[in-house]
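Participant: First the structure, which I've put down as structure tokens, then a few questions once you've had a look.
Values quoted throughout were computed directly from the atomic coordinates according to the rules given, and no laboratory measurement underlies them. On a predicted model such as this, the values are computed, not experimentally measured, just so you know. All Cβ positions, even for glycine, are placed from backbone atoms using ideal geometry, and neighbour counts span all protein chains on display.
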Amino acid sequence: MGNITLSNVRKSFGETHVIPGIDLAIEEGEFVVFVGPSGCGKSTLLRLIAGLEDISAGVIRIDGQDATALPPAKRGLAMVFQSYALYPHMSVRKNIAFPLKMAGLDPAVIEQKVANAAKVLNLSNYLDRRPGQLSGGQRQRVAIGRAIVREPAAFLFDEPLSNLDAALRVSMRQEISELHQTLKTTMIYVTHDQVEAMTMADKIVVLNAGRIEQVGSPLDLYRAPANLFVAGFIGSPKMNFITGAEAAKHGATTIGIRPEHVMIGDGPWQGTVGLAEHLGSDTFLKVEVPGVGTLTVRGGGEVGLHHGDTVRLAPQPDKLHRFDANGLAMK
Amino acid sequence: MSRKTTQTRRTVVTIAAWSIGFLIFFPILWTILMSFKSEGDAIKAPLAMLTSPWSLESYHEVQERSNYALHFWNSVVLSVGSTIAALIIAVPAAWSMAFVPGKRTKDLLMWMLSTKMMPAVGVLVPMYLLFRDFGLLDSRAGLVAVLTLINLPIVVWMLYTYFKEIPGEILEAARMDGASLRAEILYVLTPMAVPGIASTMLLNIILAWNEAFWTLQLTTSKAAPLTQFIASYSSPEGLFYAKLSAASTMAIAPILILGWFSQKQLVRGLTFGAVK
């Protein structure tokens, strides 16, 4: 249970076409991440799947059933919101129990399920507290608890970690991934953070201006971005793009090379180090190369270069990405 | 630059705050003090007045001359009645404006508020004529209607700001959790809205209790609330300070007590939902 198919799904708000038409198949048990910049329509797409927004045209099928006109409650999906959206006047126990109570389950069964969920999420000691008395991470766990007790066909996550601090984000990211391993339920996860997308997803859907730019596994997108947008969006630091004569040498309008695929030492490009960021594990250099532009280069932690130093660089030839005038990848 | 909160600074601020508080409260305090003096002592110079003997004479006279119980009861009926009526209209109105706003919702709210900017006396004559022709002069029903209408904009505004504070995502979460509309209202919306409704109710009771323009213009005796009771002691034949003070004290005492016990709710109400 838990495959979701979108066929030509459209959404317009008045004259604004937020989603001009999307086809997408999500397989059972997959961890799918919708990623894209702010305003690309990823949250809207999730809300269309949830049923919180009506679609303007198209069909949404959940487990083969047409769910287009079903209200959110009838779709068998659970959602975790960015703001957690916990019920502030209810204890943690009542928050987690709420969907079960709405489903009319026996109180003894509810108690058992809540206890199980609390155990999985390390919330057993907090069941009688109110959301206001919990930390951000604990609140997020309650929101997840409220979702898992329903045993839904799929989980929908709407930027669930963006209100947490960096350290907590990393650990919650791992917890959600582990949860997916344990439950093996379909999860759809929306984020603008490509690191979250890369680390968690089985399948990434890159969205831009309401359109799907590319669908694929994290490494597929990293190795073979379909266009300039995906190439620039996936990977951190961002891929270097070079146009003009240097690109023409490779028979392309634009060439792209990731910072980690530029070798320091010997090579055709000579430039001056503008900025050197020594992180210990890595060193990020901004190098001004005449005729090529400013390149970001990722070197080892022990690279001893500083501002003003001259350096020679070489792109790894097999890691060079070529794009045509329309910004599409060339084979 | 962080603000230094030294001991001296804190002391100065505390003294200043208490002084301002005392200054605001002083007229009320003076009224209460004066109410315990005889009519002759009340008009003496402040120091002489304070040292003169205390007496309950004014209270006795006020009790004999007027029917405090009737006015008190009228005040209760008018303030509570108009508050309930205003809430019955304002809760659904604010609800729909907060959760299903239209294109003109903001304009509508501003228009409602604009009616509060007009001086009440501007419509005194038409109102008086309406009341006269419909036989509503000196009737509780008529005054409840007027008090409801004059406070309605504020009630709608307050409730609107409270309802706006309820995050839409929580309602969506309830919908995802399988709550029907009834369950959503019963288990999620109402418990979250009750504090806002309660403080709106309190503030409106106080506003209606203290309303003195329409209650003085449109009542004489039968429906007259405590404002009329106070006013009856400032007569053209001369001022009876002690009795006026005794009447005022009796009129403000109930609302002062109500206000004291509901301070927390009121402060929240007065900040109009600006502070979470």
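Participant: Please get the size of the charge dipole for the range A:100-241, origin at its Cα centre, with Cβ charges of +1 on Lys and Arg and -1 on Asp and Glu, quoted in debye to the nearest 20.
Facilitator: Using only the charged Cβ atoms, the result is roughly 180 debye.
Participant: Taking only the Cα atoms of the range B:3-63, how large is their convex hull per residue, in Å³?
Facilitator: Roughly 113 Å³ of hull volume per residue.
Participant: Also, I was wondering about something else. About its Cα centre, what dipole magnitude does the protein assembly as shown give when the only charges are +1 on Lys and Arg Cβ and -1 on Asp and Glu Cβ, stated in debye to the nearest 20?
Facilitator: 740
Participant: Here's another thing I want to ask about it. Classify the range B:112-157 from the C-alpha gyration tensor, please: rounded if a/c falls under 1.5, else prolate or oblate depending on whether a/b exceeds b/c.
Facilitator: Oblate shape, in that a/c is at least 1.5 and b/c is the bigger or equal ratio.
Participant: For A:ARG322, A:ARG169, which order do you get if you count the other beta carbons within 10 Å of each Cβ and list the fewest first?
Facilitator: Fewest-to-most ranking of A:ARG322, A:ARG169: A:ARG322, A:ARG169.
Participant: Hey, what angle do you get for helix B:105-114 against the long axis of chain B, alpha-carbon based, 0 to 90 degrees rounded to 10?
Facilitator: For helix B:105-114, the angle is close to 10 degrees.
Participant: Using the Kirkwood radius over C-alpha pairs as Rh, can you work out the diffusion coefficient of the range B:66-232 via Stokes-Einstein at 20 °C, viscosity 1.002 mPa s, in µm² per second?
Facilitator: It comes out at roughly 122 µm²/s.
Participant: With only alpha-carbon atoms in the gyration tensor, what are the semi-axes of the equivalent ellipsoid for the protein assembly as shown, in Å, largest first?
Facilitator: 68, 31, 24
Participant: If you don't mind, another one. Please order A:LYS94, A:LYS249 by the number of other Cβ within 10 Å, starting at the fewest.
Facilitator: Fewest to most other Cβ atoms nearby, the residues stand as A:LYS249, A:LYS94.
Participant: Under a point-charge model restricted to the Cβ atoms of Lys and Arg (+1) and Asp and Glu (-1), what is the dipole moment magnitude of chain A relative to its Cα centre, in debye to the nearest 20?
Facilitator: That gives a dipole near 760 debye.
Participant: Test of understanding: in a Gaussian network model of chain B with alpha carbons linked when under 10 Å, which of B:ILE15, B:ILE206, B:ILE28 would top the mean-square fluctuation ranking?
Facilitator: B:ILE15
Participant: In peptide A:42-55, what is the residue-averaged number of other protein chain Cβ atoms found within 10 Å of each Cβ?
Facilitator: What the average comes to for A:42-55 is 1.
Participant: Once every DSSP H run of n ≥ 4 in the protein assembly as shown is given -39500 (n - 2.57) and the sum is divided by its residues, what mean residue ellipticity at 222 nm do you get, rounded to the nearest 500 deg cm²/dmol?
Facilitator: Dividing the helical sum by the residues of the protein assembly as shown leaves -14500 deg cm²/dmol.
Participant: Could you pull out every one of the lysines with an alpha carbon less than 21 Å from that of B:LYS44, ignoring same-chain neighbours closer than 8 positions?
Facilitator: Cross-link targets: B:LYS243.
Participant: Moving on. Through the Karplus equation 6.51 cos²θ - 1.76 cosθ + 1.60, θ set to phi - 60°, convert the phi angles of the range A:107-117 into ³J(HN,Hα) values in whole Hz; use x for Gly and Pro.
Facilitator: Listing the rounded values in order: x, 5, 5, 4, 4, 4, 5, 5, 4, 4, 4 Hz.
Participant: Counting only the backbone N, which residues of the range A:178-203 are under 16 Å from the spot 7 Å out from the Cα of A:SER236 toward its beta-carbon?
Facilitator: A:190-201
Participant: How much of the calculated P(r) for chain A lies past 33 Å, in percent of all Cα pairs?
Facilitator: That fraction is 39 percent.
Participant: Over the range A:209-331, what is the relative contact order in whole percent, taking alpha-carbon pairs under 8 Å and six or more residues apart?
Facilitator: 28
Participant: Run the numbers on chain B and let me know its relative contact order in percent, using alpha-carbon pairs under 8 Å that are six or more apart.
Facilitator: 30
Participant: B:ILE24 to A:SER162: FRET efficiency via 1/(1 + (r/R0)^6), r the Cβ-Cβ distance, R0 56 Å, to the nearest 0.05?
Facilitator: It comes out at approximately 0.75.
Participant: If you take the charge dipole of chain A about its Cα centre, with +1 on Lys and Arg Cβ and -1 on Asp and Glu Cβ, which of A:GLY244, A:MET263, A:SER12 is farthest toward its positive end?
Facilitator: Looking along the dipole axis, the top candidate is A:SER12.
Participant: Within the range B:16-83, report the chymotrypsin sites (Phe, Trp or Tyr not before Pro) that DSSP leaves as loop and that have at most 14 other Cβ atoms within 10 Å.
Facilitator: Here the chymotrypsin sites (Phe, Trp or Tyr not before Pro) that fit, given the DSSP loop and packing criteria, are B:TRP54.
Participant: Further, regarding this structure: Specify the residue with the greatest mean-square fluctuation among A:ALA118, A:ALA97, A:ALA245, computed from a Gaussian network of chain A linking alpha-carbon atoms under 10 Å apart.
Facilitator: Result for chain A, Cα springs under 10 Å: A:ALA245 fluctuates most.
Participant: Also, I was wondering about something else. Just to compare against my own numbers: the Cα pair-distance distribution for the range B:17-153, 10 Å bins, whole % per bin, please.
Facilitator: That works out to 9, 21, 23, 25, 15, 5, 1, in percent per bin.
Participant: Can I ask one more? Tell me which lysines have Cα within less than 25 Å of A:LYS119's Cα, excluding those fewer than 8 residues away on the same chain?
Facilitator: Straight-distance partners of A:LYS119: A:LYS94, A:LYS101, A:LYS184.
Participant: Report ³J(HN,Hα) in whole Hz for each residue of the range B:124-131, in order, from the Karplus equation J = 6.51 cos²θ - 1.76 cosθ + 1.60 where θ = phi - 60°; Gly and Pro get x.
Facilitator: 4, 5, x, 4, 4, 5, 4, 4
Participant: While we're looking at this one, here's another question. What length, rounded to one decimal in nm, is gained on full extension from A:SER177 through to A:GLU151, with 0.36 nm per residue of separation minus their alpha-carbon distance?
Facilitator: So the extension gain works out to 7.7 nm.
Participant: Over chain A, with a Gaussian network built from C-alpha contacts below 10 Å, which listed residue (A:VAL149, A:VAL109, A:VAL33) shows the highest mean-square fluctuation?
Facilitator: Per the Cα network of chain A with a 10 Å cutoff, A:VAL109 tops the list.
Participant: Charges on Cβ only, +1 for Lys and Arg, -1 for Asp and Glu, centred on the Cα centroid of the range B:66-232; of B:ALA141, B:VAL76, B:ASN151, which one is farthest towards the dipole's positive end?
Facilitator: B:ALA141
Participant: Give me Rg over Rh for the range A:185-287, both radii from the alpha carbons and Rh done the Kirkwood way, two decimal places.
Facilitator: Expressed as Rg/Rh, it is 1.02.
Participant: Then there is this: Multiply the residue separation of A:HIS250 and A:LYS331 by 0.36 nm, subtract the distance between their alpha-carbon atoms, and state the gained length in nm to one decimal.
Facilitator: Full-extension gain reported as 28.0 nm.
Participant: Ok, one more. Could you compute the FRET efficiency for B:SER221 and A:ALA69, with r as their C-beta to C-beta distance and R0 at 60 Å, rounded to 0.05?
Facilitator: So, using R0 = 60 Å, E works out to roughly 0.40.
Participant: Is any residue of the range B:204-237 close enough, with backbone N under 18 Å, to a label point placed 7 angstrom from the Cα of B:LEU258 along the Cα-Cβ axis, and if so, which?
Facilitator: It comes to B:204-216, B:223-230, nothing else.
Participant: From the backbone phi of the range A:307-312, what are the Karplus-calculated ³J(HN,Hα) couplings (6.51 cos²θ - 1.76 cosθ + 1.60, θ = phi - 60°) in whole Hz, Gly and Pro given as x?
Facilitator: 3, x, 5, 9, 9, 10
Participant: In whole percent, what relative contact order does the range B:119-276 give with Cα contacts below 8 Å and a gap of six or more residues?
Facilitator: Worked out over the range B:119-276, it gives 30 percent.
Participant: Specify the angular offset, from 0 to 90 degrees and rounded to the nearest 10, of the alpha carbon long axis of helix B:68-99 from the longest principal axis of the alpha carbons in chain B.
Facilitator: With both axes taken from Cα atoms, the answer is about 20 degrees.
Participant: Would you order A:LEU179, B:LEU244 from fewest to most other beta-carbon atoms within 10 Å of each residue's own beta-carbon?
Facilitator: Starting with the residue having the fewest Cβ neighbours, the order is A:LEU179, B:LEU244.
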